[in-house]
1. State the answer as a single residue: which of Ile160, Pro136, Gly148 lies farthest towards the positive end of the charge dipole of region 124-184, with beta carbon charges of +1 for Lys and Arg and -1 for Asp and Glu, about the Cα centre.
2. Would you mind computing Rg(Cα) / (2.2 N^0.38 Å) for region 123-183, counting N as its residues?
3. Per residue, how much accessible area does region 82-195 have with a 1.4 Å probe, in Å²?
4. For a test of the definition: using alpha carbon positions, the gyration tensor, and the 1.5 limit on a/c, classify region 73-158 as rounded, prolate or oblate.
5. Which of rounded, prolate or oblate describes region 23-180 when judged by the alpha-carbon gyration tensor and an a/c cut-off of 1.5?
6. State the extension gain, in nm to one decimal, for the chain segment bounded by Asp164 and Arg76, taking 0.36 nm per residue of separation less the distance between their alpha-carbons.
7. Can you tell me how much longer the chain between Asp34 and Arg98 gets when fully stretched, taken as 0.36 nm per residue apart minus their C-alpha distance, in nm with one decimal?
8. Given R₀ = 25 Å, FRET efficiency for Tyr177-Ala123 by Cβ-Cβ distance, to 0.05?
Amino acid sequence: MAGRRVGVMGGTFDPVHHGHLVAASEAASLFGLDEVVFVPTGQPWQKTDRDVAPAEDRYLMTVIATASNPRFSVSRVDVDRGGPTYTIDTLTDLARQRPDDELFFITGADALSQILTWRDSAACFALAHFVGVTRPGFDLGAAHLPEGAVSLVEVPALAISSSDCRARVGRGMPVWYLVPDGVVQYIEKRGLYRTPVGARTTAREGVPGRDAAPSGDRPPEPPTTDLQEVPR
Ligand code: ATP
Ligand code: MG
């Protein structure tokens, strides 16, 4: 089908929660999107700042969470590429797969504030229109962003984060109604996030995910002018 308007919702989705789903749904409604593709990040290389659940688990939770919405789909482009995910790669791959579609990259206020530090941010803006959505606890400002490249929209405020969901599971607290029911059951079935956050082998919370600089045993990539770590 030619000329479709397609939202792209990138994230670590560790786990996917209702904040993600509401943001995608609201952006779809406001921008008349035919589809929103959720794109879980690939698995970071070893020795990242924290343990990230396996990519297949995050992918499957995202499939479970989006299955009932006919406009939502999930792409494996980042999972199958492996390694840290850069948005430029996500958008390049999706644009190649859907050359006639217009892409809208949906991102929360926290990620939006970092966007200029992303690898090849100018090329990202050329491949997609960016939709910045409000998120409780973060200021949504686009003053520093290229004119016309980003639209800011207000979405119903849900103060939910994956970090908090993981911490709650680690403490034995419920995540019912923060994440879809099937995701609660999947977390339980696979025993995800049971290790309390404080007991993890690595200290700092914060996820090198999409647009994170590679870390660990691999030699660092040569510095580029606009690339810094952007936890998402
Ligand atoms: P973590 O706490 O592990 O960073 P997260 O809740 O921020 O997880 P991500 O997978 O990092 O979830 O986020 C994916 C995208 O969804 C980002 O653009 C983020 O800004 C956006 N997002 C996440 N939670 C919300 C929310 N509650 N409201 C609006 N946008 C959100
Ligand atoms: Mg995040």
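1. Ile160
2. Working: Rg = 16.0 Å, N = 61, 2.2 N^0.38 = 10.5 Å.
Against the compact-globule rule of thumb, the ratio is 1.53.
3. Working: 5450 Å² over 114 residues.
Accessible surface, normalised per residue, equals 48 Å².
4. Working: a/c = 1.68, a/b = 1.51, b/c = 1.11.
It is prolate, given that a/c is not under 1.5 and a/b is the larger ratio.
5. On the way: a/c = 1.38, a/b = 1.24, b/c = 1.11.
Rounded, since a/c falls under 1.5.
6. Working: separation 88, 0.36 × 88 = 31.68 nm, distance 2.51 nm.
Answer, rounded to one decimal: 29.2 nm.
7. Working: separation 64, 0.36 × 64 = 23.04 nm, distance 1.31 nm.
Going from the current span to full extension adds 21.7 nm.
8. Values: r = 39 Å, r/R0 = 1.57.
About 0.05, to the nearest 0.05.
The values are calculated or read from the model by the stated rules, or taken from the named source; none is laboratory data. Bear in mind that the values here come from a model prediction, so they are computed numbers and not experimental data. When we count neighbours, we look across all protein chains shown, and the Cβ atoms used for this are built from the backbone with ideal geometry, even at glycine. For the accessible areas, the whole protein counts, side chains as well, though only heavy atoms, and no ligand, DNA or RNA atoms are used. Shrake-Rupley method; radii C 1.70, N 1.55, O 1.52, S 1.80 Å.
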